[in-house]
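Undergrad: Sharing a structure below in structure tokens format, with a few things to ask.
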Ligand SMILES: [Zn+2]
């Protein structure tokens with residue numbers, strides 16, 4: 001339909017204008033659980049999902065280290081248990097945490113993978129979704145580099161939508177309706193990705209990649 005073509009053109013323009021990298025090569029390999037096209041950093045902070053459990057939920061997070069600063073090496077360091085406690089006062093408060101996420105989307109839209117998707121990353125903590133606790137068991141955690149109150153970059157929405165689309169195709173239990181924020185599964189305890197996160201933009205990008213431009 002002409003309308004769909006126009007919509008597709010709009011998003012191509014958006015990507016071009018933002019200078020976002022063309023991540024058309026991002027692919028999920030459901031056999032290895034790898035996001036092809038992402039930089040790979042191995043986190044030890046993961047283990048097996050419950051037997052037979054496939055991903056059924058995508059949890060969107062926001063993170064920056066130190067809080068409000070972007071671009072440093074510290075998120076890699078946190079997820080590989082190598083955060084130097086003496087480098088920043090905030091680091092001393094979290095250096096002992098054993099946490100991870102499957103993927104981080106940096107401010108420029110580039111992606112880093114720490115945990116294969118079929119493994120359980122340690123991102124959600126005490127959590128509940130539709131009456132089910134321990135969301136780590138059945139979810140994929142994607143961090144966006146940012147803060148609750150800072151606008152996320154268009155390139156980050158584009159990458160997140162592409163990854164989510166690939167994940168929905170690789171794991172039939174996942175769907176656009178099963179994409180939530182950390183604050184949705186841990187209300188009162190967690191606030192990320194925060195008020196700055198534009199859910200309608202993510203939803204429209206998802207519709208574009210899933211329906212207008214099928215693989
Ligand atoms: Zn979070």
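The values are calculated or read from the model by the stated rules, or taken from the named source; none is laboratory data. What you see is a predicted model; the values in this text were computed from it and never measured. Glycine gets a Cβ as well: all are built from the backbone with ideal geometry, and neighbour counts include every protein chain shown.
Undergrad: Please tell me if residue 189 is modelled with pLDDT of 95 or more, more than 13 Å from the ligand (Cβ to nearest atom) and within 21 Å of residue 79 (Cα to Cα).
TA: no
Undergrad: Scan region 57-67 and tell me whether some residue there is more than 16 Å from the ligand (Cβ to nearest atom), within 16 Å of the chain's Cα centre (by Cα), within 30 Å of residue 176 (Cα to Cα) and touching a residue at least 60 places away in the same chain (Cβ under 8 Å).
TA: no
Let's see how each residue does on (1) surrounded by fewer than 20 Cβ atoms within 10 Å (Cβ to Cβ); (2) under 13 Å from the mean Cα position of the chain (by Cα); (3) at positive phi; (4) assigned to a helix (DSSP H, G or I):
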residue	(1), (2), (3), (4)
150	yes, no, no, no
166	no, yes, no, yes
173	yes, no, no, no
184	yes, no, no, yes
187	yes, no, no, no
191	yes, no, no, no
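Undergrad: Inspect all residues belonging to region 4-13 and state whether any of them is modelled with pLDDT under 95, in a loop (DSSP other than H, G, I, E, B) and surrounded by fewer than 18 Cβ atoms within 10 Å (Cβ to Cβ).
TA: So the first thing to find is which residues in region 4-13 are modelled with pLDDT under 95, and the list is 4-13.
From what is left, the residues that are in a loop (DSSP other than H, G, I, E, B) are none.
Within region 4-13, none of the residues are modelled with pLDDT under 95, in a loop (DSSP other than H, G, I, E, B) and surrounded by fewer than 18 Cβ atoms within 10 Å (Cβ to Cβ).
Undergrad: Could you go through region 198-215 and let me know if any residue there is within 16 Å of the ligand (Cβ to nearest atom), assigned to a loop (DSSP other than H, G, I, E, B), under 19 Å from residue 152 (Cα atoms) and at pLDDT 95 or above.
TA: no
Undergrad: If residue 124 meets every condition in (1) more than 16 Å from the ligand (Cβ to nearest atom); (2) buried (at least 20 other Cβ atoms within 10 Å of the Cβ) apart from one, which number is that one?
TA: (1)
Undergrad: So for region 134-147 (the condition being part of a loop (DSSP other than H, G, I, E, B) and more than 16 Å from the ligand (Cβ to nearest atom)), does at least one residue qualify?
TA: Yes, there is a match, as at least one residue in region 134-147 is part of a loop (DSSP other than H, G, I, E, B) and more than 16 Å from the ligand (Cβ to nearest atom).
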